[in-house]
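Notes for the one structure printed next.
Taken together, the values in this text are just the output of simple stated rules run on the coordinates, not laboratory data. Here the structure is a predicted model, which means the values were calculated and not measured. Here the Cβ positions follow ideal geometry from the backbone for every residue, glycine too, while neighbour counts run over all protein chains shown.
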Amino acid sequence: MDESVLKGNTAILKCHIPSFVSDYVFVISWLQDDGHEILADGGPYDSKYLVLPSGELHIRDVGPEDGYKSYQCRTKHRLTGETRLSATKGRLVITEPTGKIAPKVPGQKYDGGKIYLTALNLTTVLTCEVVGYPVPAFR
């Protein structure tokens, strides 16, 4: 699905998995239309692209060039090992801010973020989905 984002902010693409298989299917990667694959279990966390344990694709510091790409998620079935590419492609709709925009949580009531509990020596992800212009700073 297409996702709207303010220029300079972080875009979040979600892989829409039918509820009847969601317990058995997980995202293993995202594929750009140019063939570049963004793996869920690889890549530095300071890069432009990051796939979270939830399967969401985060695209940092979105610019006009990002609006020309499309994205598909690749999933894997836990029991059968079968992989599938999503039938549809999502694009970014990038909006150029015309003035200051106070930081806000887009399209939803703030729920305190998502916390993934992990065992010792594994990655922990804390998200803070906030948009604004100038781009909000986090600490």
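Using the structure shown, list the pairs from Lys14/Lys69; Lys69/Lys104; Lys14/Lys100; Lys7/Lys76 with a Cα-Cα distance above 24 Å, or answer none. Don't jump to the answer; show the numbers that get you there.
Values: Lys14/Lys69 16 Å; Lys69/Lys104 26 Å; Lys14/Lys100 27 Å; Lys7/Lys76 32 Å.
The pairs that break the limit, which is 24 Å between Cα atoms, are Lys69/Lys104; Lys14/Lys100; Lys7/Lys76.
How charged is the neighbourhood of Gly132? Take every other residue with its Cβ under 9 Å from the Cβ of Gly132, and add Lys/Arg as +1 and Asp/Glu as -1.
Charge balance in the 9 Å sphere: +2.
At most 15 other Cβ atoms within 10 Å and a DSSP loop assignment: could you name the trypsin sites (Lys or Arg not before Pro) in segment 1-95 that fit?
Lys14, Lys48, Arg60, Lys69, Arg78
Collect residues whose amide H, placed 1.01 Å from N in the peptide plane, falls under 5 Å from the amide H of Leu6; neighbours closer than 5 in sequence don't count.
Amide H neighbours of Leu6, under 5 Å, 5+ apart: Thr95.
What net charge is computed for the residues neighbouring Cys15, neighbours being all others with C-beta under 10 Å from the C-beta of Cys15, Lys and Arg scored +1, Asp and Glu -1?
+1
Could you compute the net charge surrounding Asp66? Neighbours are other residues with a C-beta less than 15 Å from the C-beta of Asp66; K and R count +1, D and E count -1.
It works out to a net charge of -1.
HN-Hα J couplings of segment 23-31 from phi, Karplus 6.51/-1.76/1.60, θ = phi - 60°, integer Hz, Gly and Pro as x?
So the Karplus estimates, Gly and Pro as x, are 6, 10, 10, 9, 7, 9, 5, 10, 10 Hz.
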